[in-house]
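Following: one structure in structure tokens, then a few remarks.
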Amino acid sequence: MRTPSHAPAVRYPYGRSMVVGRTLAVLLVAGLACTMAWLVFSASTSAVFKAPVGLGLWLMCAAVAGHWWRRFPAGLVAWDGGQWSLVSGLSDESRPLSQVPCVHLDLQDWMLLSARPVQGRLEWLWLERRSDDSQWQALRRAVFSRARPGSNTRAAMPEPAGADTMHAMPSRRDGQAHNRT
């Protein structure tokens with residue numbers, strides 16, 4: 001039987017990211033360029049009406065993106081070895097999570113998680129290695145650990161299916177030929 005690996009306790013900062021901000025800025029500039037190209041290359045009498053509509057839609061998208069980025073939550077995500085929680089950046093209040101944070105995007109140096117506090121709404125957390133490089137690997141071990149809050153670690157880590165027959169199957173290294181049909 002495998003020995004369960006215990007994820008270390010960790011507290012990791014999350015918040016508004018310059019990477020996300022720059023990505024939004026690039027997307028907004030690209031959107032403006034596409035809108036301008038659409039207006040220039042669709043030369044017709046209706047261009048007088050298209051310009052305010054196209055630029056108005058782009059302006060609304062820019063305002064929504066800026067508002068979303070400015071309101072990005074900030075604080076700490078914490079794993080104490082038994083419970084996940086979010087610590088607010090302003091009040092230092094710890095809010096336990098109802099479940100393990102869900103990884104939606106893992107780019108090795110960046111992660112996008114969703115976390116649902118017991119009381120409150122779902123929060124999206126953008127985590128970057130450069131926020132605390134010394135704790136990044138501990139955070140990744142905790143997030144990807146099979147251990148779940150409030151559960152027995154051995155029960156949370158069952159043996160893989162067919163583990164007892166794994167070594168009984170012949171391999172090509174044994175010198176046995178595989179039949180191809």
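Read-outs throughout are calculated quantities, based only on the coordinates presented, and are distinct from any laboratory measurement. In this text the structure is predicted, and so the values were computed from the model without any measurement. Because the Cβ atoms are built from the backbone with ideal geometry, glycine has one as well, and the counts that use them run over all protein chains shown.
In this simple spin-label model, placing a label point 7 Å from the Cα along the Cα-to-Cβ direction at both residue 93 and residue 132 gives a separation of 2.1 nm. Rounded to 0.05, the FRET efficiency of the residue 51 and residue 124 pair, given R0 = 30 Å and the Cβ-Cβ distance, is 0.30. Among 41, 144, 72, a tally of other beta-carbon atoms within 10 Å of each Cβ gives an order, fewest to most, of 41, 144, 72. Across region 119-136, computed HN-Hα scalar couplings (Karplus, 6.51 cos²θ - 1.76 cosθ + 1.60, θ = phi - 60°) run 10, x, 9, 4, 10, 9, 10, 9, 10, 10, 4, 5, 5, 7, 4, 5, 9, 4 Hz from first to last residue, x flagging Gly and Pro. Extending 7 Å from Cα along the Cβ direction at residue 108 and again at residue 40 yields two label points whose distance is 3.8 nm. When only Cα pairs below 8 angstrom with a gap of at least 6 residues are kept, region 53-92 shows a relative contact order of 26 percent.
Comparing Cα centroids, region 12-41 and region 47-84 end up 11 angstrom apart. The mean sequence distance of close C-alpha pairs (under 8 Å, at least 6 residues apart), as a share of the length of region 26-117, puts its relative contact order at 15 percent.
For an R0 of 25 angstrom, estimate the FRET efficiency from the Cβ-Cβ distance between residue 58 and residue 18 and round to the nearest 0.05.
0.65
Let me check I've understood the local charge: for residue 94, count other residues with C-beta under 13 angstrom from its C-beta, Lys and Arg +1, Asp and Glu -1. What total comes out?
Details: positive: 11, 95; negative: 80, 92, 93.
Local net charge: -1.
Report the far tail of the P(r) of region 18-70, meaning the percent of Cα-Cα pairs longer than 16 Å. Considering region 18-70, 45 percent of its Cα-Cα pairs are separated by more than 16 Å.
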